[in-house]
Amino acid sequence: MNRYLKYLTGKLKWYILTFFIAVFLNFFLPRFIPGNPVSALVAQMAGGGASSDVLDKLYNSYIQEFGLDKPWYTQFINYVLKVFHGDLGISFSLYPTKVNTILSHALPWTIALQAPAILIGWIIGNLLGALAAYKKGKFDSAFFPLALFINSIPYYCLAIILLYLFGVLLDVFPIGGGYSMQLIPSFSITFLIDALKHYLLPFFSLILVTIGGQAIGMREMSIYELNTDYVRYAKLLGISEKKITRYVFKNAMLPQITGLAISLGTMVGGALITEIVFSYPGIGTWLFNGIRQQDYPLIQGGTLVITMAVLLANFLIDIVYGIVDPRIRMAQMEE
Amino acid sequence: MKLLKTLLKSKKFIIGLCVFLLLLFGSLIFTTISSHDPAEMIGFLYEPPSKEHLLGTDNFGRDVLIELIYGMKTSIYVGLLSGIIATFIGTTIGTTAGYLGKTIDNILNSITNLFLVIPSFVILILLSVSLRSRSLTLLAMIIGITSWPWTARAVRAQTSSLKTREHVNMAKLNGEGYVEIVLKEILPYMLSYIFMVFVLQVASGILSEAGLSMLGLGPSNTISLGKMLSWALLYEAVRTGAWWAFIPPALTIAIITFSLLYMNTGMDEVFNPRLRS
Amino acid sequence: MGKLLTVKALKAYYKLRLGEKLRAVDGVSLTLQEGEVLGIAGESGCGKSTLASCLSGLFFPPLKYQKGNITLDGIDIIRTDKQTLRKSILGKKISFIPQSAMNALNPTLKIEDFVADVMQEHEPDLSREEAIKRAEERLEVLSLPKDVLKAYPFELSGGMKQRTIVVLSTLMNPEIVIADEPTSALDVSSQRQVIELMKRLLQMKITKSMIFITHELPILRHVADRIAIMYAGVFLEVGTMPQIIFDPRHPYTKVLMSSIIVPEKGMRERKLPLITGRPPDLRKRIKGCRFAKRCPYATDECRMREPDMEETDGRKIKCFHPLKGKEIKQNEVI
């Protein structure tokens, strides 16, 4: 156990470092290419017909408010301090709403949609993949190309097609949003049922693709494991198929856990775009709004929250991985 | 040459390659000889498919089929260019880290792991947002420089197992330098592997472009498959039932990706005989 | 001493892509007496490992059984159903020490858990604790450290891993152990330890008989009672250890004897220094003697017709022009 704690603290340190670098990139990258977000904002307001005098004043007050008149390192320190106080700034497009407010309303939707879809999809995909490798023959030859095709369809393309099929043509699901417009979010039965109706279609489009991708990986890993020397040796010593299948499943599963960690970023990215397709009230849709309206604080806040969530999920995966794989604990110790 | 010969044994690889080349050359030839301007508005909003316009018109009254062909070309272009860039960066970092080992490996490996956990699309968004105008090439470059980490990781693992081989030791004894050894003794032995990685990078580049376009960060002044989808969504094609505006680009993206993944599977079977049975 | 194992005219091939057959075992007959150690030597690719794997009766794909018989203690191995084979024969009557010690153990299973799995498979009533206790006793008897049981495979050194495998394979006191190049991936001192361990198992009658497969003929001098020389899927010469080691009659045995090779890790393919060429392609039918192409004494007859296995003085040889014998000096044989 002591060993494991050491492994965990090592990982934790690494993630904290990564987090700082992520915050730095989040701050620095948008400033990489010169351009002043405030002028864009003011230009947008100019469209509203304000006089140039008012615009000038507005411009200066914004510059001061966002701290853009200070050198970049001061800006960065201010930014980091603010981030650590949980302050992500004020939205341009919904001025003076705080970005925190927007994102904290959006985050539960995103998590409720993505976490179960990815997790359940991962589990089902792995079971199916192992089954295909084990059964071989007809099951496999029908299953594999299908899984490969589903896996080649990007999340959002499948989402659009499903939305059209079930939302428009068959009209069995609502065509967008997280709940009906006339309802106010609450924990009433009516609202929950309504939310569930809106939930199912995006959920299925996410889980289908996840299943496809995971099944392919697991199938490959299982086939590989089934042909290893240790399986042969176990068979030669008369160990039953059942036990061998258990060995193989566990060992093929381990790379799938790291695989999940690596592909998590891509999966979350795809899922965020799926939100846009369904106008689901999560981070993805807000990010899209922010981009369309050049709302830099909102974009930066959104990307930071996503990065944090992905880092956290990765850390959780590492915790689990350390428990199930004895090798990784040792390897980490030696480093 | 030997590589090609082995590859041609795989049915999956051939099918995938044929589909991909068909789409690539089809769109290339059409866009070269045709006098159509994909941006030309030839009809009204969402006209259903007809004899004149086989896939109808989009929200701007443009011919969807012609847009689709031009979009295919740009999508494949972005995919190939970003794939080349990502594979190049990934291979360079991977071989350097794997071959040199020690401190340099530690540093490069940490950087790679760092960019593996920070989602690349976040960096893509942050970079693209600040660009006033995004040309196709610029976009492909950005995609390329954000998607190398897993290639680097895979190549590093291959390199560190290759470097203990006899012929590498011989080259070392002959006094060959690092660059020479990597180029002559290591890279040729994982050419097939790098090619597989490249094919996957092309697929992921195409998907990244489509994803960015969906977010409203697609290439400026050009048609791409992702942008077609994005317009269709923005202009309510799904809700109004104008399927021709979004089903064709969605399927085309899926088919291109499928052809590439199928190629990859075929190669995997040929190069990793364990998977054959 | 009775016959424990009989193999008669065994043929097995690998089914390759495009329907090609690689005839790795192409008509092998052998007998093993109780208490005997038979060595099988040959270059890599001669089919010796395939032969070993056939003896399990399992025929892992793409390996396929073609014809012939394997009889173990009166049981027809090939025609016994897989369940009986697994439950009452494999690991119990006949056991295997695999070639690749490095990967022969499940990397995520503690040795003691594997011990329990193996023993409970053959004795369903045995508790886990009891199984582990017995394994501890066995290790103690063989003066090996008990704590290997608590370890994961990756925590053991190569030599230790191979010795552990030797113990695991003999936990159920099998009558026969088939050791397939048990020392090939090890350094010299680990090699010696493994061989010593195997000899101890024989001395202590934990296992009675053994088939020891190797590409280094000289190693057999210290373990084998009889030796068979394998080439291109068949035996070329079978005799007692002194006959083969000190008085080889088949030209190939002679070559094999004089090519003492220092084992090198990761180098499976190597040519014999005294003769040129490679073993024949087993995907094609071979005309004449299989060794003719590389044999310095080959005549037209050798190239036309395959010689039969002929027995003289307890030595079997498959050659038209065997070498002249010599007197074996008693002091050589120790």
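The values are calculated or read from the model by the stated rules, or taken from the named source; none is laboratory data. Every value quoted in this text rests on a predicted model; they were computed, and no experiment measured them. All Cβ positions, even for glycine, are placed from backbone atoms using ideal geometry, and neighbour counts span all protein chains on display.
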Hey, residue B:266 hits all of (1) farther than 22 Å from residue B:122 by Cβ; (2) in a loop (DSSP other than H, G, I, E, B) but one; which does it fall short on?
-> (2)
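Could you list, in sequence order, all residues of the stretch A:160-172 that are in contact with a helix residue (DSSP H, G or I) (Cβ under 8 Å, 6 or more places away or on another chain) and either more than 9 Å from chain B (Cβ to nearest Cβ) or more than 12 Å from residue A:208 (Cβ to Cβ) (or both)?
Keep residues of the stretch A:160-172 that are in contact with a helix residue (DSSP H, G or I) (Cβ under 8 Å, 6 or more places away or on another chain), which gives A:160-164, A:166-167, A:172.
Answer for the stretch A:160-172, where residues must be in contact with a helix residue (DSSP H, G or I) (Cβ under 8 Å, 6 or more places away or on another chain) and either more than 9 Å from chain B (Cβ to nearest Cβ) or more than 12 Å from residue A:208 (Cβ to Cβ) (or both): A:160, A:162, A:163, A:164, A:166, A:167, A:172.
For every residue, the table says whether it meets (1) of a type outside the set (Val, Ile, Thr); (2) surrounded by 19 or more Cβ atoms within 10 Å (Cβ to Cβ); (3) within 13 Å of chain B (Cβ to nearest Cβ).
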residue	(1), (2), (3)
A:240	yes, no, no
A:251	yes, yes, no
A:296	yes, yes, yes
A:309	yes, yes, yes
A:323	no, no, no
How about the stretch C:297-313: which of its residues are assigned to a loop (DSSP other than H, G, I, E, B) and not hydroxyl-bearing (Ser, Thr, Tyr)?
-> C:298, C:305, C:306, C:307, C:308, C:309, C:313
Given the conditions (1) surrounded by fewer than 23 Cβ atoms within 10 Å (Cβ to Cβ); (2) closer than 29 Å to residue C:215 by Cβ, and given that residue C:131 satisfies all but one, which numbered condition is not satisfied?
-> (2)
Evaluate the stretch A:326-335: report whether one residue or more is surrounded by fewer than 18 Cβ atoms within 10 Å (Cβ to Cβ) and facing chain B (nearest Cβ under 10 Å).
-> yes
Filter the stretch B:147-187 for residues that are farther than 30 Å from residue B:119 by Cβ and polar (S, T, N, Q) and give the result.
-> B:164, B:169, B:174
Per-region count, the stretch B:227-257, residues at the interface with another protein chain (Cβ under 9 Å from one of its Cβ atoms), small (Gly, Ala, Ser) and not in a loop (DSSP other than H, G, I, E, B) | 4
Odd one out for residue C:237 among (1) assigned to a helix (DSSP H, G or I); (2) modelled with pLDDT of 90 or more; (3) not aliphatic (A, V, I, L, M) = (1)
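So that you can scan it fast, the table gives a plain yes or no per residue for (1) of a type in the set (Phe, Trp, Tyr); (2) surrounded by 23 or more Cβ atoms within 10 Å (Cβ to Cβ); (3) within 14 Å of another protein chain (Cβ to nearest Cβ):
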{"residue": "B:94", "(1), (2), (3)": "no, yes, no"}
{"residue": "B:109", "(1), (2), (3)": "no, no, yes"}
{"residue": "B:113", "(1), (2), (3)": "no, no, yes"}
{"residue": "B:144", "(1), (2), (3)": "no, yes, no"}
{"residue": "B:151", "(1), (2), (3)": "no, yes, yes"}
{"residue": "B:163", "(1), (2), (3)": "no, no, yes"}
Selection from the stretch B:45-75 of residues that are among the aromatic types (Phe, Trp, Tyr) and part of a helix (DSSP H, G or I) | B:70
Of the numbered conditions (1) more than 14 Å from chain A (Cβ to nearest Cβ); (2) without any contact (Cβ under 8 Å) to a residue 40 or more places away in the chain; (3) not in a loop (DSSP other than H, G, I, E, B), residue C:197 satisfies every one except a single condition; which is it?
-> (2)
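Anything in the stretch C:59-112 that is of a type in the set (S, T, N, Q) and within 13 Å of chain A (Cβ to nearest Cβ)? List them, or say none. Explain how you work it out, then say what you get.
Residues of the stretch C:59-112 that are of a type in the set (S, T, N, Q), as a first pass: C:66, C:69, C:71, C:80, C:83-84, C:88, C:95, C:99-100, C:103, C:106, C:108.
Hits for the stretch C:59-112 are C:80, C:83, C:84, C:88, C:95, C:99, C:100, C:103, C:106, C:108.
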Can you pull out the residues in the stretch C:40-61 that are outside any helix (DSSP H, G or I) and either touching a helix residue (DSSP H, G or I) at 6+ places or on another chain (Cβ under 9 Å) or free of Cβ contacts under 8 Å to residues at least 12 places away in the same chain (or both)?
-> C:40, C:41, C:42, C:43, C:56, C:57, C:58, C:59, C:60
In the stretch A:115-172, the residues that are within 30 Å of residue B:242 (Cα to Cα) and of a type in the set (D, E, K, R) = A:171
State the number of residues belonging to the stretch B:166-218 that are surrounded by fewer than 22 Cβ atoms within 10 Å (Cβ to Cβ), in a loop (DSSP other than H, G, I, E, B) and touching a residue at least 12 places away in the same chain (Cβ under 8 Å).
-> 1
Considering the stretch B:57-72 alone, what residues qualify as being more than 12 Å from residue B:249 (Cα to Cα) and either among the hydroxyl-bearing types (Ser, Thr, Tyr) or modelled with pLDDT of 80 or more (or both)?
-> B:57, B:60, B:62, B:63
Cβ-Cβ under 6 Å pairs, at least 6 apart or on other chains, the stretch C:25-39 side polar (S, T, N, Q), far side buried (at least 20 other Cβ atoms within 10 Å of the Cβ) | C:29/C:7
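Yes or no, residue by residue, for (1) crowded, with 16+ Cβ neighbours inside 10 Å; (2) modelled with pLDDT under 75; (3) among the small types (Gly, Ala, Ser):
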residue	(1), (2), (3)
A:1	no, yes, no
A:14	yes, no, no
A:23	yes, no, no
A:26	yes, no, no
A:29	yes, no, no
A:49	no, yes, yes
A:57	no, no, no
A:64	no, yes, no
A:69	no, yes, no
Any idea how many residues of the stretch B:206-224 are within 7 Å of chain A (Cβ to nearest Cβ) and closer than 14 Å to residue A:289 by Cα?
-> 4
Subset of the stretch C:205-231 [at pLDDT 90 or above and not β-branched (Val, Ile, Thr)] = C:209, C:210, C:212, C:224, C:225, C:226, C:228, C:230, C:231
The listed residue being free of Cβ contacts under 8 Å to residues at least 40 places away in the same chain and more than 24 Å from the chain's Cα centre (by Cα), out of C:143, C:157 | C:143
Going through (1) more than 20 Å from residue A:302 (Cβ to Cβ); (2) at pLDDT below 75 one by one, residue A:33 fails only at (1)
Tally time: how many residues in the stretch C:164-194 are among the polar types (S, T, N, Q) and away from chain A (no Cβ under 14 Å)?
-> 5
Note on the stretch B:117-137: residues more than 7 Å from chain A (Cβ to nearest Cβ) and surrounded by fewer than 18 Cβ atoms within 10 Å (Cβ to Cβ) are B:133, B:135, B:137
Of the residues C:137, C:129, C:112, which single one is modelled with pLDDT of 90 or more, over 25 Å from the mean Cα position of the chain (by Cα) and within 23 Å of residue C:202 (Cβ to Cβ)?
-> C:137
For residue C:203, the lone unmet condition from (1) in contact (Cβ under 8 Å) with a residue 24 or more places away in the chain; (2) away from chain A (no Cβ under 12 Å); (3) under 26 Å from residue C:41 (Cα atoms) is (1)
